[in-house]
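The structure under discussion appears below in the form of structure tokens.
The values are calculated or read from the model by the stated rules, or taken from the named source; none is laboratory data. Since the structure is predicted, the reported quantities are computational estimates derived from the model, not experimental observations. Glycine gets a Cβ as well: all are built from the backbone with ideal geometry, and neighbour counts include every protein chain shown. For the accessible areas, the whole protein counts, side chains as well, though only heavy atoms, and no ligand, DNA or RNA atoms are used. Shrake-Rupley method; radii C 1.70, N 1.55, O 1.52, S 1.80 Å.
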Amino acid sequence: MSDRDDDLVGRARDEITAMAKQGMDHPSTKPVLIGAGIGAVAGALLPVITLPAGLAIGAGIAFWQRIKR
């Protein structure tokens, strides 16, 4: 792994820990939940993706957008 990858993993771990501790007060929680909701709707509407997969993918994309900065 490169230093950039290690930094990304560390930021992801720190962000998840902070979201777990602060709950809805953390600035990343709401965007990640909104992404999960959008993904779940897409999973319900699209025949290729299941609802749980859409939820996980939507939350993952929103989370990625938050930590890649």
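Just a few scattered comments:
- Note on the chain: GNM, Cα springs under 10 Å; of A40, A56, A20, the largest mean-square fluctuation is that of A20.
- Taking every Cα-Cα distance in the chain and sorting them into 5 Å bins from zero, the calculated P(r) comes out as 4, 19, 20, 21, 16, 12, 7, 2 percent.
- For the chain, the carbon plus sulfur part of the accessible surface works out to 66%, probe radius 1.4 Å.
- Axis of helix 3-22 versus longest Cα principal axis of the chain: the two differ by about 70°, to the nearest ten degrees.
- Protein-only accessible surface order, largest first, of T50, T29, T17 at 1.4 Å: T50, T17, T29
- Axis of helix 29-45 versus longest Cα principal axis of the chain: the two differ by about 30°, to the nearest ten degrees.
- Computed from Cα positions, the angle between helix 51-67 and the longest principal axis of the chain comes to roughly 30 degrees.
- For the chain, the solvent-accessible area works out to 70 Å² per residue, with a probe of 1.4 Å and every protein chain left in place.
- Per-pair calculated FRET efficiency, R0 = 25 Å: D7 and L33 via Cβ, rounded to 0.05: 0.50
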